[in-house]
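Presented below is the structure to which this report refers.
Nothing in this text is a laboratory measurement; each read-out follows from the coordinates by a stated rule. A quick note: this is a predicted structure, and the numbers were derived from the prediction, not measured. Ideal geometry is used to build each Cβ from the backbone, glycine not excepted, and the neighbour counts take in all protein chains shown.
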Amino acid sequence: MGLLNPVYAASLVSFTLNELVSYSEIRANYSFFIALGILSFFSIYNQKLLKITYSILILVCGSYAFGRVVSFFMDGYPSKLIVIIVSVELFGFLLAFWRLRSLIK
């Protein structure tokens, strides 16, 4: 969605895209998540990719969730949508962390 229509994707979280670089930033983030989804899909069939896939998910979900929690303290309580988003990110972080630990044992 954000790769092809960044204005719509930004409007879901009340962003306005005022500069051309804004479109690039939205598309870059969505491209990364598409690539991560493809990597996750391939890791189903190639077990050697699982550790790196879980590690990337831990890093990405953890850093996004951390940034949003910092924002809670600095900017005040967020909208319901952001609370849902951070919950999903924390769940993704914890799930990937749990799965990676099970692979390392």
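Projected label points at Ser14 and Lys80, each 7 Å from Cα along the beta carbon direction, are separated by 1.3 nanometres. Screening the chain for DSSP H helices whose Cα atoms reach 30 Å or more along their own axis and whose mean Kyte hydropathy is at least 1.6 gives 80-104. The charge dipole of the chain, taken about its Cα centre with unit charges on the Cβ atoms of Lys, Arg (+1), Asp and Glu (-1) only, comes to about 580 debye. Computed from the C-beta positions of Tyr45 and Phe97 and an R0 of 25 Å, the FRET efficiency is 0.65 to the nearest 0.05. Here semi-axes √(5λ) of the Cα gyration tensor in Å was calculated from the structure, and among (i) 41, 10, 9; (ii) 28, 19, 10; (iii) 26, 15, 11 it sits at label (ii). Setting aside same-chain residues fewer than 8 positions from Lys105, which lysines have a Cα under 26 Å from its Cα? Partners within reach: Lys48, Lys51. Among 87-99, 44-56, sorting by the average number of other beta carbon atoms lying within 10 angstrom of each residue, highest first, gives 87-99, 44-56. Entry note, the chain: relative contact order of 24 percent, from Cα contacts under 8 Å with a spacing of 6+ residues.
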